[in-house]
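To keep things clear, I will list the structure first and then write my remarks on it.
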Amino acid sequence: MHEYFDRYNIGWIIAHSEKSKRYFDQLNGVVCINEWKQLKFYQVQRLHSFFLAGAGELVARDANRLVFKAVLGDSITLKYHYLPGMQVTEGTIDPVFIGDDPNPFIQLRGASQNVILTYR
């Protein structure tokens, strides 16, 4: 489960079913922080990042644009899914399949330290 938490940058979980609550209650690195009616709210205790490979800082995002600064690495893999029509200001953008996810993630090559990714 922790591999999925990392791959999808999961930091919070809301559970409704008793089976799910029992599972998350016993999982290391997951802490119940609150309950409300039939819901339990959990925090996943891990370092959060939008990068599977490489590093940088996400500084802005909206429906069709991501802006990163201080990007490091020759080949960057982002924890965002790739869609045809995505463009990057510099370098190349390609789909890359990871694990059992049928939808590819975003891989950037030859990007500068400041990256703007858009979707049209």
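The values are calculated or read from the model by the stated rules, or taken from the named source; none is laboratory data. For clarity, every value in this text was computed on a predicted model and none was experimentally measured. Cβ coordinates were reconstructed from backbone atoms using ideal geometry, including for glycine residues, and neighbour counts include every protein chain displayed.
Annotations for the structure displayed:
- Among residues of the range 31-49 that are among the β-branched types (V, I, T), those with a beta-carbon under 8 Å from a residue that is in a loop (DSSP other than H, G, I, E, B) and surrounded by 11 or more Cβ atoms within 10 Å (Cβ to Cβ) at least six positions away or on a different chain give the pairs V31/Q45; V44/I10; V44/G11; V44/G29.
- Lone unmet requirement of (1) modelled with pLDDT of 95 or more; (2) in contact with a strand residue (DSSP E or B) (Cβ under 7 Å, 6 or more places away or on another chain); (3) outside the structural domain of G11 (by TED's automatic domain parsing) for S75: (1)
- Unique match (being surrounded by fewer than 16 Cβ atoms within 10 Å (Cβ to Cβ), over 13 Å from the mean Cα position of the chain (by Cα) and in a strand (DSSP E or B)) among L83, L72: L72
- Residue satisfying all of: in the range 22-46; in contact with a helix residue (DSSP H, G or I) (Cβ under 9 Å, 6 or more places away or on another chain) and under 12 Å from F5 (Cβ atoms); surrounded by the fewest Cβ atoms within 10 Å (Cβ to Cβ) among these: N28
- Residue check, A53 surrounded by 14 or more Cβ atoms within 10 Å (Cβ to Cβ), of a type outside the set (F, W, Y), under 26 Å from N103 (Cβ atoms) and touching a Ser or Thr at 6+ places or on another chain (Cβ under 7 Å): yes
- Selected residue [closer than 30 Å to L117 by Cα and of a type in the set (D, E, K, R)] from R7, R22: R7
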